[in-house]
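The values are calculated or read from the model by the stated rules, or taken from the named source; none is laboratory data. Bear in mind the structure is a predicted one, so any value in this text is a computation, not a measurement. Because the Cβ atoms are built from the backbone with ideal geometry, glycine has one as well, and the counts that use them run over all protein chains shown. Keep in mind that these areas ignore ligands, DNA and RNA; they rest on the heavy atoms of the full protein, side chains included. Shrake-Rupley method; radii C 1.70, N 1.55, O 1.52, S 1.80 Å.
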Amino acid sequence: MGAQLSAMWVDNGLMALLDVHRLVAARRRPLVGRWCHRLLKWTAGIEIPDAVEIGTDLRIRHDGFGLVVHPRTRIGDRVVLFQGVTIGRSDVWVPQSESPFLGIDIGDDVWICSGAKVIGGAGRLTVGRGTIIGANAVLLQSTGDWEIWAGAPARLVGKRDPDDELPGVQP
């Protein structure tokens, strides 16, 4: 029993001490940024390059294990990202300088649920404000505002009312 409790503390306590949100915010600081980026990558498998533009109040749920974000991504305010999310491009075998991929814009108040993939092709892919991308969805196209997308490939399955509160949303 004691060994199990110790193992649980190492698994949960280490990430609690590291505070993923502060490490993400600090990754652009001149002296400690590279260290914070590496610590995120080594401890939680989170890859968010310093080129990624992040708005205020980004929320990373479940410590974001396996979260990968392409450098040409802009993330809006109050975005929620869950573990296993990938935001990237479809032509990874092409050198980035030759790719027609221009980047991905994640609007404000977006939720990208566990295991979802947002994969951009030629041009810029935009996830509209307030959109929810369901667990394990594979989004390959731009969305409108306040939509709900699910499936592989993802398709529009519903609309949201901008005034509705999502359950369990806590700062």
Task: Net charge contributed by nearby residues that have their C-beta within less than 14 Å of I132 (K/R +1, D/E -1) - done: 0
Open item on the list: Could you put K41, K159 in order of accessible surface area, largest first, with the 1.4 Å probe and the full protein assembly present?
Closed with: K159, K41
TODO: Subtracting the Cα-Cα distance from 0.36 nm times the residue separation, let me have the gained length for V92 to E53 in nm, one decimal.
DONE: 12.0 nm
TODO: Work out how much length R155 to L140 would gain on full extension: take 0.36 nm times their residue separation and subtract the Cα-Cα distance, in nm to one decimal.
DONE: 4.5 nm
Task: Rounded, prolate or oblate (a/c below 1.5 giving rounded, otherwise prolate when a/b exceeds b/c) for segment 109-150 by Cα gyration tensor - done: oblate
Task: Distance between segment 27-66 and segment 121-146 - C-alpha centres, whole angstrom - done: 22
TODO: Just check segment 72-134 against the gyration tensor rule for me: Cα atoms, a ≥ b ≥ c as the square roots of the eigenvalues, rounded for a/c under 1.5, and otherwise prolate or oblate depending on whether a/b exceeds b/c.
DONE: prolate
- [ ] Could you work out the local net charge near L81, counting Lys and Arg as +1, Asp and Glu as -1, over the other residues with Cβ closer than 9 Å to its Cβ?
- [x] +2
TODO: Roll a 1.4 Å probe over the protein heavy atoms and report the accessible area of D50 in Å², nearest 10.
DONE: 90
Open item on the list: What does the charge count around T56 come to, taking other residues whose C-beta lies under 9 Å from its C-beta (Lys +1, Arg +1, Asp -1, Glu -1)?
Closed with: -1
